[in-house]
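Derivation of every value follows stated rules applied to the coordinates shown; laboratory data play no part. Remember, it's a predicted structure, so these values are computed and weren't measured experimentally. Reconstructed Cβ throughout: ideal geometry from the backbone, glycine too, with neighbour counts over all protein chains shown.
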Amino acid sequence: MDFVTPSNGEYLALAVVVSFGALLLFVGSVFARYRNAQRDMDVIEQMAEE
Amino acid sequence: MTAVKDFPLSAEKTKDGGGRTRLLYGFTGITLALVVLCLGMALFYAGQDITQGDVQRIFYTHISSFFGAFIAFSATVVGGIQYLRTRHPKWDSLALAGVEVGTVLAFINLATGAIWARPIWNTWWTWDPRLTSAAVMFLTYVAYLMLRNGIDSPERRRVFASIYGVLAIATVIFTLIIIRIRPDTIHPAVIGSSPSTGAEGGFEMSSSMVTTLLFTLLTWSFFLTPALIWWRIRLENTLERVNKMKQIYLER
Amino acid sequence: MNTPFLQVMLAVIAKDFRAELRSRELIGTMLMFAVLSILVFSFALELDRIARQEAVSGVLWVTLVFASILGLNRSMSMERENASIEALLLAPVSRAALFAGKFIGNFVFTLIIGLFLLPLMTVLYNMPLVSGWMFVVMAGGIFGFASTGTLLAAMTVQTRAREALLPIALLPVALPLLLSAVKASTAIISDAAFDTWATWLQIIIVVDIVYTVVALLGFGFVVEE
């Protein structure tokens, strides 16, 4: 009997999506927190100038 | 009246901050290119494993994310010890950044492991010593973040977190060595020979596979992880600046 | 640092023991918890003879860990409630000696529970648990729990969540000890040759040393105001 290489590319695709999804999620969270901080700073600067 | 000039400057506006920012952008660009190249190599360049099929290609990311996490958690130890010695908050920022980045990478490590195990071991998860230890390692650093959140005084938070960050590396080291001391684990040892005769899913590597593994390992350990940590430190600096500005504004 | 290390350490231990002898609060609670836990486990697991051999050391160690967490929380929150820790810190004594005193107190209390559980579980689970090596492994495992536990309890008692955070912080860090201790105990119960489980004992000893050093060094930072 010949050995057949299993076809399981869908698991590979899932792994790629999950790992790079997690990375993107982290980068996105850093970016979102950064933007919030930036916005806070703008508000404070505005209030300080008034 | 508080003038805007009293506020701490942003990183871009300090003396050599602009140069450092450009360096970070350059580094990030290189990292991005390398990571994409790694993925391309894993998917198209590396030879297919005949017994396992395409799913074996997961393993380049799987092992690299673990070593990335290891680097990140080591940064936490360095940051923790240095903070306790010098009491400079920048070291605590490094420690915190290491934990956040390392936790993400440890999660990727666990997730890719589970996805690989489903077709090869025919189960998503098994209570193998190494898997258990890796999961607990991940949880240790979640506990670190919870501990941090539970402390109000910033000074005390940094001290406690530094100590816990140093202590927590024990679970990382334990995960690394357990495969060598437990002959009954089914997790294959890829680097060095596996002492386990019961290892399921080990494989011989062809030269294209070795090249890909080495390349991915180096990229994730020395480019992706440092780049993420660097950005996270930037964020921490910005957050601290906001807090200082709030204080200055409220105190006037 | 005027008073010598040993004297301070012994004074702290003596203080904890005297308080315990008068109130019997700590040991009583820990003991009651341990016995209940063992009974609940034996009901919940409905073990037959073979399964019992596999599970008994797990039951023993999980019970011990939670009992020790109970004791650690109690001992630290007592210090805080009466603000006695502040008085201790005012004294010109080394922090390491204070830590050593608290740590040895916690170690002995938990060890007493462990020594009580061994014969009890021998009877209830019908397993040969009382042996010299078992005692060594137990002392080694509890030593490590007590040292990290004392450090972490001193930390978590100062957080918002107080007692709730100690198990979350301690359990993952204690895993190398817990796993090794369970494996070694299982081997001892099944009468395995020393060579087959000596590695586990070595790990316990190494982890004990590392954790105790880290805790000794870290405690000074944790209690400073």
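Spin-label model, residue A:25/residue A:13: points 7 Å from Cα along the beta carbon direction are separated by 2.0 nm. Among the GluC sites (Glu not before Pro) in region C:22-58, those located in a DSSP loop and surrounded by at most 10 other Cβ atoms within 10 Å of their own Cβ are C:46.
Using the rule -39500 (n - 2.57) for each DSSP H run of four or more residues, divided by the residues of chain C, the 222 nm mean residue ellipticity is -30000 deg cm²/dmol.
For region C:1-84, the relative contact order comes to 38 percent (Cα pairs under 8 Å, sequence separation of at least 6).
Using only the Cα atoms of the protein assembly as shown, build the gyration tensor, take square roots of its eigenvalues as a ≥ b ≥ c, and label the shape rounded, prolate or oblate: rounded if a/c is under 1.5, else prolate if a/b is larger than b/c, else oblate. Let's see the in-between values first.
On the way: a/c = 2.39, a/b = 1.09, b/c = 2.18.
Oblate, because a/c is 1.5 or more while a/b does not exceed b/c.
One decimal place: the segment residue B:145-residue B:176 gains 8.9 nm when fully extended, by the rule 0.36 nm per residue minus the C-alpha distance. For chain C, the relative contact order works out to 26 percent when only alpha carbon pairs closer than 8 Å and six or more residues apart are counted.
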